[in-house]
Amino acid sequence: MNAVISVDLPQNSYEVAIAPGGLSQLGTCLQPLGLGRKLMLVSNPMIFRRYGEGAIASLEAAGFDVCHALIPAGERYKTLGSIQKLYDVALAHRLERSSAIVALGGGVVGDMAGFAAATWLRGIRFVQVPTSLLAMVDASIGGKTGVNHPHGKNLIGAFHQPRLVLIDPEVLATLPPREFRAGMAEVIKYGVIWDADLFQQLEQAKRLDQQRYVSPELMQTILTRSCQAKAHVVSKDEKEAGLRAILNYGHTIGHAVESLTGYKLVNHGEAVGIGMVAAGAIALQLNLWDADSNRRQTALIQKAGLPTRLPAGLDLEDIIAALQTDKKVKAGQVRFILPTQIGTVIETDQATPAVIRKVLLAMAEAA
(Lines give C-alpha, C1' and ligand atoms only; values in the text may rest on other atoms or scores of the structure.)
Protein backbone atom coordinates (compact mmCIF):
# COMPACT_ATOMS: atom_id res chain seq x y z
CA MET A 1 0.00 0.00 0.00
CA ASN A 2 1.27 3.47 -0.91
CA ALA A 3 0.51 6.64 1.01
CA VAL A 4 1.38 10.25 0.32
CA ILE A 5 1.33 12.74 3.18
CA SER A 6 1.67 16.47 2.57
CA VAL A 7 3.73 18.77 4.75
CA ASP A 8 1.98 22.07 4.04
CA LEU A 9 4.16 25.09 4.76
CA PRO A 10 3.95 28.78 3.77
CA GLN A 11 7.05 28.11 1.69
CA ASN A 12 8.78 24.90 0.64
CA SER A 13 5.89 22.45 1.10
CA TYR A 14 6.73 18.85 0.22
CA GLU A 15 5.44 15.30 0.33
CA VAL A 16 6.25 12.25 2.42
CA ALA A 17 5.79 9.21 0.18
CA ILE A 18 5.45 5.77 1.78
CA ALA A 19 6.14 3.37 -1.08
CA PRO A 20 7.17 -0.29 -0.67
CA GLY A 21 9.95 -0.92 -3.18
CA GLY A 22 10.37 2.81 -3.66
CA LEU A 23 14.13 2.76 -3.21
CA SER A 24 14.55 1.04 -6.57
CA GLN A 25 12.57 3.89 -8.14
CA LEU A 26 14.55 6.67 -6.46
CA GLY A 27 15.71 8.29 -9.69
CA THR A 28 12.22 8.34 -11.17
CA CYS A 29 10.85 9.86 -7.94
CA LEU A 30 13.40 12.69 -8.07
CA GLN A 31 12.90 13.60 -11.73
CA PRO A 32 9.79 15.81 -11.20
CA LEU A 33 11.48 17.87 -8.45
CA GLY A 34 13.42 20.15 -10.78
CA LEU A 35 16.79 19.32 -9.27
CA GLY A 36 20.06 20.05 -11.01
CA ARG A 37 21.95 17.22 -12.67
CA LYS A 38 24.65 16.89 -9.98
CA LEU A 39 23.74 15.00 -6.80
CA MET A 40 25.72 13.93 -3.76
CA LEU A 41 24.52 10.81 -1.99
CA VAL A 42 25.39 10.79 1.73
CA SER A 43 25.29 7.54 3.70
CA ASN A 44 27.25 5.47 6.21
CA PRO A 45 29.40 2.47 5.19
CA MET A 46 26.95 -0.22 6.36
CA ILE A 47 23.89 1.29 4.67
CA PHE A 48 25.87 2.09 1.55
CA ARG A 49 27.09 -1.50 1.21
CA ARG A 50 23.51 -2.70 1.33
CA TYR A 51 21.63 -0.06 -0.64
CA GLY A 52 24.11 2.41 -2.12
CA GLU A 53 24.85 0.70 -5.41
CA GLY A 54 21.16 0.27 -6.23
CA ALA A 55 20.35 3.85 -5.27
CA ILE A 56 23.14 5.26 -7.42
CA ALA A 57 22.15 3.03 -10.35
CA SER A 58 18.57 4.28 -10.12
CA LEU A 59 19.70 7.91 -9.98
CA GLU A 60 22.12 7.52 -12.90
CA ALA A 61 19.47 5.77 -14.97
CA ALA A 62 17.33 8.87 -14.46
CA GLY A 63 20.11 11.07 -15.84
CA PHE A 64 21.75 12.34 -12.66
CA ASP A 65 25.52 12.74 -12.19
CA VAL A 66 26.13 11.20 -8.76
CA CYS A 67 29.00 11.25 -6.30
CA HIS A 68 28.85 9.85 -2.80
CA ALA A 69 30.21 10.65 0.65
CA LEU A 70 30.31 8.26 3.59
CA ILE A 71 30.28 9.25 7.26
CA PRO A 72 30.85 6.84 10.16
CA ALA A 73 27.77 5.36 11.80
CA GLY A 74 26.89 6.62 15.25
CA GLU A 75 25.73 9.71 17.09
CA ARG A 76 29.24 10.48 18.33
CA TYR A 77 30.29 11.23 14.75
CA LYS A 78 27.57 13.86 14.32
CA THR A 79 30.11 16.67 14.49
CA LEU A 80 31.36 19.66 12.56
CA GLY A 81 34.40 17.56 11.65
CA SER A 82 32.18 15.13 9.77
CA ILE A 83 30.41 18.03 8.05
CA GLN A 84 33.78 19.28 6.84
CA LYS A 85 34.31 15.97 5.06
CA LEU A 86 30.96 16.39 3.30
CA TYR A 87 31.98 19.88 2.20
CA ASP A 88 35.23 18.46 0.81
CA VAL A 89 33.34 15.98 -1.38
CA ALA A 90 30.87 18.69 -2.44
CA LEU A 91 33.79 20.88 -3.50
CA ALA A 92 35.58 18.09 -5.35
CA HIS A 93 32.40 17.22 -7.24
CA ARG A 94 31.67 20.91 -7.90
CA LEU A 95 28.18 20.90 -6.46
CA GLU A 96 26.30 23.98 -7.63
CA ARG A 97 23.33 25.91 -6.27
CA SER A 98 21.07 23.84 -8.50
CA SER A 99 22.56 20.61 -7.10
CA ALA A 100 21.07 18.52 -4.32
CA ILE A 101 22.16 16.20 -1.54
CA VAL A 102 20.39 12.87 -1.02
CA ALA A 103 20.47 11.44 2.51
CA LEU A 104 20.37 7.63 2.51
CA GLY A 105 20.39 6.35 6.08
CA GLY A 106 19.08 6.91 9.56
CA GLY A 107 18.62 10.03 11.61
CA VAL A 108 22.33 10.82 11.99
CA VAL A 109 22.88 10.70 8.22
CA GLY A 110 19.75 12.76 7.60
CA ASP A 111 20.68 15.41 10.17
CA MET A 112 24.19 15.85 8.80
CA ALA A 113 23.30 15.67 5.11
CA GLY A 114 20.55 18.21 5.71
CA PHE A 115 22.88 20.56 7.59
CA ALA A 116 25.48 20.27 4.83
CA ALA A 117 22.75 21.11 2.30
CA ALA A 118 21.55 24.05 4.41
CA THR A 119 25.02 25.57 4.55
CA TRP A 120 26.77 24.62 1.28
CA LEU A 121 26.65 27.67 -1.02
CA ARG A 122 24.24 29.17 1.56
CA GLY A 123 21.71 26.45 0.92
CA ILE A 124 21.03 23.81 -1.72
CA ARG A 125 18.19 21.32 -1.95
CA PHE A 126 18.14 17.88 -0.40
CA VAL A 127 16.07 14.70 -0.30
CA GLN A 128 15.52 12.35 2.63
CA VAL A 129 15.57 8.59 2.01
CA PRO A 130 15.36 7.21 5.56
CA THR A 131 16.39 3.61 6.18
CA SER A 132 15.63 3.31 9.92
CA LEU A 133 12.24 3.30 11.61
CA LEU A 134 13.27 6.26 13.77
CA ALA A 135 14.20 8.32 10.74
CA MET A 136 11.08 7.28 8.84
CA VAL A 137 8.61 8.35 11.51
CA ASP A 138 10.48 11.32 12.93
CA ALA A 139 13.93 12.57 11.98
CA SER A 140 13.43 12.78 8.19
CA ILE A 141 10.32 14.99 8.45
CA GLY A 142 10.30 18.60 9.54
CA GLY A 143 13.55 20.10 8.34
CA LYS A 144 15.56 19.95 11.57
CA THR A 145 19.20 19.50 10.62
CA GLY A 146 22.37 19.81 12.62
CA VAL A 147 25.22 18.37 14.63
CA ASN A 148 26.12 17.97 18.28
CA HIS A 149 28.31 20.16 20.44
CA PRO A 150 30.50 18.34 22.99
CA HIS A 151 28.29 19.77 25.74
CA GLY A 152 24.89 19.19 24.21
CA LYS A 153 22.93 17.49 21.46
CA ASN A 154 21.85 19.33 18.31
CA LEU A 155 23.00 22.72 19.58
CA ILE A 156 24.36 23.56 16.11
CA GLY A 157 21.92 23.41 13.22
CA ALA A 158 19.38 24.96 10.90
CA PHE A 159 15.81 24.48 9.75
CA HIS A 160 16.08 23.31 6.13
CA GLN A 161 13.15 21.42 4.64
CA PRO A 162 13.71 18.52 2.23
CA ARG A 163 12.18 18.52 -1.24
CA LEU A 164 10.88 14.97 -0.71
CA VAL A 165 10.88 12.24 1.91
CA LEU A 166 10.80 8.79 0.31
CA ILE A 167 10.04 5.95 2.74
CA ASP A 168 10.48 2.36 1.56
CA PRO A 169 9.18 0.08 4.35
CA GLU A 170 10.87 -2.94 2.78
CA VAL A 171 14.29 -1.80 4.02
CA LEU A 172 13.12 -2.33 7.61
CA ALA A 173 13.56 -6.07 7.03
CA THR A 174 17.33 -5.58 7.32
CA LEU A 175 17.20 -3.14 10.25
CA PRO A 176 18.96 -4.50 13.38
CA PRO A 177 16.45 -5.25 16.18
CA ARG A 178 18.01 -2.67 18.49
CA GLU A 179 17.52 0.04 15.88
CA PHE A 180 13.93 -1.07 15.32
CA ARG A 181 13.26 -0.73 19.05
CA ALA A 182 14.80 2.74 18.98
CA GLY A 183 12.29 3.77 16.33
CA MET A 184 9.42 2.41 18.37
CA ALA A 185 10.24 4.98 21.05
CA GLU A 186 9.27 7.77 18.67
CA VAL A 187 6.14 5.90 17.60
CA ILE A 188 5.05 5.55 21.24
CA LYS A 189 5.79 9.25 21.65
CA TYR A 190 3.22 10.10 18.98
CA GLY A 191 0.67 7.96 20.79
CA VAL A 192 1.23 9.86 24.04
CA ILE A 193 1.37 13.39 22.64
CA TRP A 194 -1.16 13.21 19.82
CA ASP A 195 -2.85 9.94 18.87
CA ALA A 196 -4.56 7.95 21.63
CA ASP A 197 -5.94 5.49 19.07
CA LEU A 198 -2.44 4.68 17.82
CA PHE A 199 -1.38 4.15 21.45
CA GLN A 200 -4.23 1.67 21.96
CA GLN A 201 -3.36 -0.22 18.78
CA LEU A 202 0.21 -0.56 20.00
CA GLU A 203 -1.05 -1.83 23.35
CA GLN A 204 -3.04 -4.54 21.56
CA ALA A 205 0.01 -5.87 19.70
CA LYS A 206 1.57 -8.99 21.21
CA ARG A 207 5.16 -7.83 20.63
CA LEU A 208 6.78 -4.60 19.46
CA ASP A 209 10.45 -5.35 20.10
CA GLN A 210 11.26 -6.77 16.64
CA GLN A 211 10.01 -5.94 13.18
CA ARG A 212 9.18 -9.57 12.37
CA TYR A 213 6.54 -9.66 15.09
CA VAL A 214 4.71 -6.60 13.74
CA SER A 215 2.10 -7.34 11.10
CA PRO A 216 2.32 -5.50 7.75
CA GLU A 217 -1.03 -3.89 8.53
CA LEU A 218 0.16 -2.54 11.88
CA MET A 219 3.43 -1.41 10.32
CA GLN A 220 1.52 0.53 7.68
CA THR A 221 -0.55 2.12 10.45
CA ILE A 222 2.59 2.93 12.46
CA LEU A 223 4.26 4.64 9.51
CA THR A 224 1.20 6.47 8.24
CA ARG A 225 -0.16 7.70 11.58
CA SER A 226 3.27 8.73 12.86
CA CYS A 227 4.12 10.63 9.67
CA GLN A 228 0.69 12.27 9.66
CA ALA A 229 1.18 13.44 13.24
CA LYS A 230 4.65 14.84 12.53
CA ALA A 231 3.51 16.48 9.28
CA HIS A 232 0.49 18.10 10.95
CA VAL A 233 2.53 19.56 13.81
CA VAL A 234 5.29 20.81 11.49
CA SER A 235 2.71 22.36 9.15
CA LYS A 236 1.27 24.33 12.08
CA ASP A 237 4.64 25.35 13.55
CA GLU A 238 7.61 24.96 11.21
CA LYS A 239 10.29 26.48 13.43
CA GLU A 240 9.18 25.42 16.91
CA ALA A 241 7.66 28.71 18.03
CA GLY A 242 4.91 26.89 19.91
CA LEU A 243 3.09 23.64 19.11
CA ARG A 244 6.12 21.86 17.64
CA ALA A 245 7.75 21.76 21.07
CA ILE A 246 5.48 18.82 21.94
CA LEU A 247 7.59 16.67 19.60
CA ASN A 248 10.35 16.92 22.21
CA TYR A 249 8.38 14.76 24.65
CA GLY A 250 10.86 12.46 26.40
CA HIS A 251 13.80 14.26 24.80
CA THR A 252 14.69 16.68 27.61
CA ILE A 253 16.09 14.10 30.00
CA GLY A 254 16.77 11.76 27.07
CA HIS A 255 19.22 14.20 25.48
CA ALA A 256 20.97 14.69 28.82
CA VAL A 257 21.41 10.92 29.20
CA GLU A 258 22.77 10.62 25.66
CA SER A 259 25.23 13.46 26.16
CA LEU A 260 26.48 12.30 29.57
CA THR A 261 27.09 8.77 28.30
CA GLY A 262 29.09 10.05 25.33
CA TYR A 263 26.51 8.83 22.77
CA LYS A 264 27.95 5.33 23.20
CA LEU A 265 25.99 3.55 25.91
CA VAL A 266 22.42 4.22 24.80
CA ASN A 267 21.08 5.15 21.38
CA HIS A 268 18.62 7.96 20.77
CA GLY A 269 15.47 5.85 20.98
CA GLU A 270 16.60 4.18 24.18
CA ALA A 271 17.30 7.60 25.70
CA VAL A 272 13.85 8.83 24.63
CA GLY A 273 12.29 5.75 26.28
CA ILE A 274 14.06 6.64 29.53
CA GLY A 275 13.06 10.28 29.07
CA MET A 276 9.38 9.41 28.56
CA VAL A 277 9.34 7.30 31.72
CA ALA A 278 10.88 10.23 33.60
CA ALA A 279 8.43 12.72 32.09
CA GLY A 280 5.50 10.47 33.00
CA ALA A 281 6.74 10.19 36.58
CA ILE A 282 7.22 13.96 36.81
CA ALA A 283 3.68 14.46 35.50
CA LEU A 284 2.44 12.06 38.18
CA GLN A 285 4.32 14.01 40.87
CA LEU A 286 2.69 17.24 39.63
CA ASN A 287 -0.78 15.61 39.51
CA LEU A 288 -1.03 16.27 35.78
CA TRP A 289 -2.14 12.73 34.97
CA ASP A 290 -3.17 9.58 36.80
CA ALA A 291 -1.25 6.52 37.93
CA ASP A 292 -3.00 4.18 35.46
CA SER A 293 -1.98 6.30 32.46
CA ASN A 294 1.57 6.38 33.79
CA ARG A 295 1.54 2.59 34.21
CA ARG A 296 0.22 2.10 30.65
CA GLN A 297 2.98 4.24 29.19
CA THR A 298 5.72 2.40 31.09
CA ALA A 299 4.25 -0.98 30.10
CA LEU A 300 4.19 -0.01 26.41
CA ILE A 301 7.79 1.21 26.52
CA GLN A 302 8.78 -2.11 28.10
CA LYS A 303 6.81 -4.03 25.45
CA ALA A 304 8.94 -2.33 22.82
CA GLY A 305 12.04 -3.67 24.57
CA LEU A 306 13.24 -0.20 25.59
CA PRO A 307 14.96 0.67 28.87
CA THR A 308 12.93 2.35 31.59
CA ARG A 309 15.75 2.94 34.09
CA LEU A 310 18.76 5.23 34.15
CA PRO A 311 22.08 3.72 33.06
CA ALA A 312 24.28 2.75 35.99
CA GLY A 313 26.90 5.22 37.10
CA LEU A 314 25.20 8.45 36.03
CA ASP A 315 25.41 11.26 38.57
CA LEU A 316 21.93 12.72 39.12
CA GLU A 317 23.32 16.20 39.68
CA ASP A 318 25.12 15.97 36.33
CA ILE A 319 21.78 15.19 34.66
CA ILE A 320 20.09 18.16 36.33
CA ALA A 321 22.98 20.43 35.33
CA ALA A 322 22.87 19.13 31.74
CA LEU A 323 19.20 20.09 31.48
CA GLN A 324 20.28 23.74 31.48
CA THR A 325 21.72 23.29 27.98
CA ASP A 326 18.38 22.08 26.62
CA LYS A 327 17.01 24.20 23.77
CA LYS A 328 13.68 24.67 25.61
CA VAL A 329 15.24 26.51 28.57
CA LYS A 330 13.69 29.98 28.92
CA ALA A 331 14.99 32.57 31.40
CA GLY A 332 16.97 29.80 33.09
CA GLN A 333 13.89 27.62 33.63
CA VAL A 334 13.80 24.12 32.17
CA ARG A 335 10.54 23.59 30.31
CA PHE A 336 9.22 20.04 30.06
CA ILE A 337 6.64 18.53 27.76
CA LEU A 338 4.44 16.54 30.18
CA PRO A 339 1.34 14.40 29.59
CA THR A 340 -2.11 15.15 30.99
CA GLN A 341 -3.68 12.04 29.44
CA ILE A 342 -2.85 9.56 26.70
CA GLY A 343 -2.93 11.68 23.54
CA THR A 344 -2.47 15.10 25.17
CA VAL A 345 0.55 16.96 26.57
CA ILE A 346 1.38 20.45 27.81
CA GLU A 347 4.56 22.51 28.11
CA THR A 348 5.39 23.62 31.64
CA ASP A 349 8.22 25.01 33.75
CA GLN A 350 6.69 23.73 37.00
CA ALA A 351 9.03 20.74 37.33
CA THR A 352 11.36 21.94 40.09
CA PRO A 353 14.86 20.51 40.61
CA ALA A 354 13.52 18.78 43.74
CA VAL A 355 10.81 16.98 41.75
CA ILE A 356 13.24 16.05 38.97
CA ARG A 357 15.76 14.79 41.52
CA LYS A 358 13.11 12.64 43.26
CA VAL A 359 12.05 11.03 39.98
CA LEU A 360 15.62 10.40 38.82
CA LEU A 361 16.56 8.92 42.18
CA ALA A 362 13.67 6.46 41.95
CA MET A 363 14.69 5.48 38.42
CA ALA A 364 18.31 5.00 39.53
CA GLU A 365 17.44 2.98 42.63
CA ALA A 366 15.26 0.65 40.58
CA ALA A 367 18.06 -0.03 38.12
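The values are calculated or read from the model by the stated rules, or taken from the named source; none is laboratory data. The structure displayed is predicted, hence computed values, not measured ones. Virtual Cβ from ideal backbone geometry, glycine too; neighbours counted across all protein chains shown. Surface areas here come from the heavy atoms of the whole protein model, side chains and all, with no ligands, DNA or RNA. Shrake-Rupley method; radii C 1.70, N 1.55, O 1.52, S 1.80 Å.
Note down the magnitude of the dipole of the chain about its Cα centre, charges +1 on Lys and Arg C-beta and -1 on Asp and Glu C-beta and zero elsewhere, to the nearest 20 debye.
440 debye
What is the magnitude of the charge dipole of the range 156-311 about its Cα centre, with +1 placed on the Cβ of each Lys and Arg, -1 on the Cβ of each Asp and Glu, and no other charges, expressed in debye to the nearest 20?
It comes to approximately 220 debye.
Hey, can you find the accessible area per residue of the range 103-241 for me, probe 1.4 Å, expressed in square angstrom?
Ligands and nucleic acids excluded, the result is 34 Å² per residue.
Please report the spacing between the Cα centers of the range 1-80 and the range 290-363 in Å, no decimals.
35 Å
Within 15 Å, Cβ to Cβ, of Gly36, how many net charges do the neighbouring residues add up to if Lys/Arg are +1 and Asp/Glu are -1?
Here the charged neighbours net out to +3.
With an 8 Å cut-off on Cα pairs and a minimum separation of 6 or more residues, tell me the relative contact order of the range 1-102 in percent. Kindly include the intermediate steps, with their values, before the conclusion.
Details: 119 pairs, mean separation 30.8, N = 102.
Once divided by the residue count of the range 1-102, the mean separation gives 30 percent.
Along the range 58-71, what does the Karplus equation 6.51 cos²θ - 1.76 cosθ + 1.60 (θ = phi - 60°) give for ³J(HN,Hα), rounded to whole Hz, x for Gly and Pro?
After applying 6.51 cos²θ - 1.76 cosθ + 1.60, I find 5, 5, 5, 5, 8, x, 8, 9, 10, 10, 9, 9, 10, 10 Hz.
Among all the aspartates and glutamates, which ones have a C-alpha under 13 Å from Lys264's C-alpha, if same-chain residues fewer than 8 places away are not counted?
Those aspartates and glutamates meeting the cut-off are Glu75.
For the chain, which whole-number percentage of the solvent-accessible area (1.4 Å probe, protein heavy atoms only) is attributable to carbon and sulfur atoms?
Values: 7560 of 14820 Å².
Ligands and nucleic acids excluded, carbon and sulfur reach 51 percent.
Provide the percentage of antiparallel DSSP beta bridges, counting only those with both residues in the chain; round to the nearest 5.
40 percent
Using a cut-off of 16 Å between alpha-carbon atoms, which aspartates and glutamates can reach Lys330, once sequence neighbours fewer than 8 places away in the same chain are excluded?
Within reach: Glu240, Glu347, Asp349.
If R₀ is 30 angstrom, what is the calculated FRET efficiency for the pair His151 and Thr298, using the beta carbon separation as r and rounding to 0.05?
Efficiency computed from Cβ-Cβ geometry: 0.50.
Quick check: net charge around Leu70, other residues with Cβ under 11 Å of its Cβ, Lys/Arg +1 and Asp/Glu -1? Can you show the working numbers first?
On the way: positive: Arg49, Lys85; negative: none.
Here the count lands on +2.
Skipping prolines and chain starts, which residues have an amide H placed within reach, meaning under 5 Å, of the one on Leu41, given they are 5 or more residues away or on another chain?
For Leu41, whose amide H was placed from the backbone, the distant partners under 5 Å are Cys67, His68, Ala69, Val102.
Would you give the gap between the C-alpha center of the range 132-203 and the C-alpha center of the range 260-277, rounded to a whole Å?
14 Å
Please return the longest range in the chain lying between exposed loop sites, taking trypsin sites (Lys or Arg not before Pro), DSSP loop only, at most 10 other beta-carbon atoms within 10 Å, and leaving the sites out.
My reading of the result: 95-205 is the longest stretch.
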